[in-house]
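Only one structure is covered here, and it is reproduced in the block below.
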Amino acid sequence: QTRVDMDAVLLASTISTLAKSGHWEQALGLLSDAEQSKNTRLNIIVYNAALLACQAGRRPDLGFDILKRARDVHKLTPDAYTYNALISGLSHSDDPAHKMEAINLVLKGEMQQRDNVQPDVFTYTSALKCCHRLPEGWKRALEIVDHLRHNHIQPNINTYTTLMDIMITQGQPEAREAVQQMIDNDLNHSSSSSSSSSSSSSKDRGPRLKLDSQYYETLARAFKKQGMYLEAVDCILKANKNNLRFKPSLANNIFNDIIRTCEKKLNVGGNKEEEDDDEEDDDEVGYGRGLSPNEPFDPNEQAAKRKNKQQAKAQAHHHDEGEYEEEDGVESGSSSSSRGVRSAVQMVSGIKSLLASSSSVIHPRFEGFSQWLLSTYDDDHHH
């Protein structure tokens, strides 16, 4: 029996190694060969490794078949790790139906009813990730959290990070505030528990909730994608205040986005090719896409950009004289430009006020840009 167990452990390890090295098809092929062999006794650990191989190959849809083979063909009993691997894989699926199947495993109690497996905090967090890009996924996410709390399971920081990300990206400010209140309550509970008498056991106090770098970076990235730059900058400042490392590349991309957005509003920049994507946010080398934060800001560059834009407009106007005139209730170019200036000034003023609470210069290039913007346009805006 010991030799059989060792063979199964070795098989599971080999499947995992193949999957991690990108050979997920070979990993699943190895499982198929083992299933057909009369000399190999399989256990659930092998199938758990195969489920992770499905996730590595971005084929989470194969997970249900693997679970069925383990349970119905080989009479194995799935455990919590089995369901966690299955649901985690399905969270990466592009098929909403697959995501709903994963959510129902938790909300409808299918894993408990079928295999007497109780979901843990990792199960619930994986189910939450299935709510991303799901129509009204935020409602499902709140259901999952209610279910979690009903079962007296304490959310961890990954749970809350995922939940806040969903509320931000799906544009639900009221639900986001409700989740923030949950986090604040748990943080206060953790703080009071840690200061309680030493006679209390760690089990009585429960797990401590502590915000980490990933929490602030995930929220900042979500705010950035929604164009909520004030909130994104606030995440940077809060991370710094709590002595947490915030990725320089992500911080730089946020401030460069602010500058480019303002340039578009001022009609002096906004090259589509300059826009960065999410993959650049995770660049650990240098400062990500765009100019570094210490690159000096050149007001003459802005003047040149504005002149080029005006010349391009003049040429277009010459080509079609009615293009920039107000007609059919559409605002004229000058009215639209004035509104753009007002919007840029308000955005930068708000961020400058927020940065005033910081004792250090977060982004020198933005500091230079904001000084130029407010000195150039703010007086005109107010007058």
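To the nearest 0.05, what FRET efficiency results for R59 and Q371 with a Förster distance of 56 Å applied to their C-beta separation?
FRET efficiency, R59 to Q371: 0.60.
Of the listed pairs K139/K241; K20/K210; K225/K265; K99/K210; K129/K241, which have alpha-carbon separations greater than 21 Å here?
The answer is K139/K241; K20/K210; K99/K210; K129/K241.
What figure in square angstrom, to the nearest 10, would you give for the accessible area of H132 with a 1.4 Å probe?
Approximately 40 Å² for this residue.
Only loop residues by DSSP count here, and only those with at most 13 other Cβ atoms within 10 Å; note down the GluC sites (Glu not before Pro) in segment 96-154 that meet that.
Here the sparse-neighbourhood loop sites are E136.
May I ask you to evaluate 6.51 cos²θ - 1.76 cosθ + 1.60, the Karplus curve with θ = phi - 60°, for each residue of segment 43-56 and list the ³J(HN,Hα) values in order in whole Hz, giving x for glycine and proline?
Whole-Hz 3J(HN,Hα) from phi for segment 43-56: 10, 5, 4, 5, 6, 4, 5, 5, 5, 5, 5, 4, 5, 5.
Points 7 angstrom from Cα along the Cβ direction at E177 and S32: gap in nanometres?
Spacing of the two 7 Å Cα→Cβ label points: 5.5 nm.
Just to check, using Stokes-Einstein with a Kirkwood Rh over alpha carbon pairs, what's the diffusion coefficient of segment 6-158 at 20 °C and 1.002 mPa s in µm²/s?
135 µm²/s
What spacing in nm lies between the two simple spin-label points modelled at K108 and D184, each 7 Å away from Cα in the Cβ direction?
3.8 nm
The values are calculated or read from the model by the stated rules, or taken from the named source; none is laboratory data. Keep in mind that this is a model prediction, so the values were computed, not measured. Note that we place each Cβ from the backbone using ideal geometry, even for glycine, and neighbour counts take in every protein chain shown. Ligands, DNA and RNA are excluded from the accessible area calculation, which covers all protein heavy atoms including side chains. Shrake-Rupley method; radii C 1.70, N 1.55, O 1.52, S 1.80 Å.
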